[in-house]
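Undergrad: Attaching a single structure in structure tokens format; questions to follow.
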């Protein structure tokens, strides 16, 4: 006669316990901290807290494989109105980032070397996969001298400028001080390459076209003359130390300043005036050089 009340008590206990577990699952205790999942690990289609999964992928061309390394993504929230500046949100350096964003408008920039693309992306209530086609290629510059020898015995650096000019006729600099042999990633288009051999004005120039998905290799010829300077008291005499030198072109513009007994420079073909200063006195000498010359210029003290 005690079984029925005992079963009823057990059932009531189970119901009470189940209710306690259910309540614990739906609402955490007051001393529990809930940590949301990282945006970078959110799987597509996993929307939570009003945020939506957005996957980003970049390509060189429409029909190329995805770029798998070397990308930098920058995500901005588009500012309200037409004059508000975009608000930077994050920078991602993975090839295929998966973001968790609230619905709204965003500006997303992807950079691959000097090639880049910015797109406005509107995030809705559905997850999305955004495809960025950079239309980018590569450029490699190989400098040589007028006789075809590699320009390897002196420092060489080059600048890449846009084909377009501003209202003052100046080109926009894209890359400055680049080293030869290195592949530069650029958006497809026409560029002007200006390369300097040595420390003066031995310059090579070329207009080149970079095609999307291709490597453009340019051999750039530098017409240069090797010039050594010497201040002497008589022809063929010993060089005088503690001499200051200044080389100017025919128009009077300074090309190079230096100091020492035997400075050496690489100059573009043309006519020049060199001034040697020693012990408070100045001595001038005119000379001209052609591409490929190796010239020893002596300035004689009267």
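Undergrad: Could you tell me whether the stretch 235-250 includes any residue that is in contact (Cβ under 8 Å) with a residue 12 or more places away in the chain, assigned to a loop (DSSP other than H, G, I, E, B) and within 38 Å of the chain's Cα centre (by Cα)?
TA: There is at least one residue in the stretch 235-250 that is in contact (Cβ under 8 Å) with a residue 12 or more places away in the chain, assigned to a loop (DSSP other than H, G, I, E, B) and within 38 Å of the chain's Cα centre (by Cα).
Undergrad: On the basis of being closer than 30 Å to residue 120 by Cα, loosely packed, with under 10 Cβ neighbours inside 10 Å and modelled with pLDDT of 95 or more, does residue 65 make the cut?
TA: yes
Undergrad: To continue, here is another question. Give me a count of the residues in the stretch 193-224 that are more than 14 Å from residue 256 (Cα to Cα) and in a loop (DSSP other than H, G, I, E, B).
TA: 6
Undergrad: Shifting gears a bit: Tell me which residues, restricted to the stretch 279-302, are at positive phi and either out of contact with any strand residue (DSSP E or B) (no Cβ under 9 Å at 6 or more places or on another chain) or without any contact (Cβ under 8 Å) to a residue 12 or more places away in the chain (or both).
TA: Initial filter on the stretch 279-302 (at positive phi): 279-280, 292.
279, 280, listed by residue number.
Undergrad: Consider residue 137 carefully, then state whether it is in contact (Cβ under 8 Å) with a residue 24 or more places away in the chain and either assigned to a strand (DSSP E or B) or over 14 Å from residue 202 (Cα atoms) (or both).
TA: Numbers: in contact (Cβ under 8 Å) with a residue 24 or more places away in the chain: yes; either assigned to a strand (DSSP E or B) or over 14 Å from residue 202 (Cα atoms) (or both): yes.
Spelling it out, residue 137 is indeed in contact (Cβ under 8 Å) with a residue 24 or more places away in the chain and either assigned to a strand (DSSP E or B) or over 14 Å from residue 202 (Cα atoms) (or both).
Undergrad: With part of a strand (DSSP E or B) and closer than 30 Å to residue 280 by Cβ as the only criterion, which of 227, 175, 160 stands out? Give the derivation first.
TA: Details: 175 fails: closer than 30 Å to residue 280 by Cβ; 160 fails: closer than 30 Å to residue 280 by Cβ.
Residue meeting the stated conditions: 227.
Undergrad: Say we look at the stretch 251-268 and pick out the residues that are under 29 Å from residue 148 (Cα atoms) and assigned to a loop (DSSP other than H, G, I, E, B); which of these is nearest to the chain's Cα centre (by Cα)?
TA: Ranking the qualifying residues of the stretch 251-268, first place goes to 268.
Undergrad: Additional query: Can you pull out every residue in the stretch 93-116 that is touching a residue at least 40 places away in the same chain (Cβ under 8 Å), in a strand (DSSP E or B) and under 21 Å from residue 184 (Cα atoms)?
TA: 110, 111, 112, 115, 116
Undergrad: Say we look at the stretch 47-62 and pick out the residues that are part of a loop (DSSP other than H, G, I, E, B) and at pLDDT below 95; which of these is farthest from residue 124 (Cα to Cα)? Even if it seems obvious, please write down each step before you answer.
TA: Applying the first criterion (part of a loop (DSSP other than H, G, I, E, B)) to the stretch 47-62 yields 47, 49-50, 60-62.
The next check asks that each one be at pLDDT below 95; those that pass are 47, 49-50.
Details: 47: 11, 49: 14, 50: 10 Å.
So the residue we want is 49.
Undergrad: Report yes if residue 169 is at positive phi, surrounded by fewer than 13 Cβ atoms within 10 Å (Cβ to Cβ) and over 21 Å from the mean Cα position of the chain (by Cα), otherwise no.
TA: Working: at positive phi: yes; surrounded by fewer than 13 Cβ atoms within 10 Å (Cβ to Cβ): yes; over 21 Å from the mean Cα position of the chain (by Cα): yes.
Yes.
Undergrad: A further question follows. Kindly indicate which of 282, 295, 268, 291 is exposed (fewer than 15 other Cβ atoms within 10 Å of the Cβ), under 22 Å from residue 197 (Cβ atoms) and outside the structural domain of residue 205 (by TED's automatic domain parsing). It would help to see each step written out before you state the result.
TA: On the way: 282 fails: under 22 Å from residue 197 (Cβ atoms); 268 fails: exposed (fewer than 15 other Cβ atoms within 10 Å of the Cβ); 291 fails: exposed (fewer than 15 other Cβ atoms within 10 Å of the Cβ).
Of the residues listed, the single one that is exposed (fewer than 15 other Cβ atoms within 10 Å of the Cβ), under 22 Å from residue 197 (Cβ atoms) and outside the structural domain of residue 205 (by TED's automatic domain parsing) is 295.
The values are calculated or read from the model by the stated rules, or taken from the named source; none is laboratory data. Just so it is clear, the model here is predicted, and its values are computed rather than measured. No Cβ is skipped: glycine too gets one built from the backbone with ideal geometry, and neighbour counts run over all protein chains shown.
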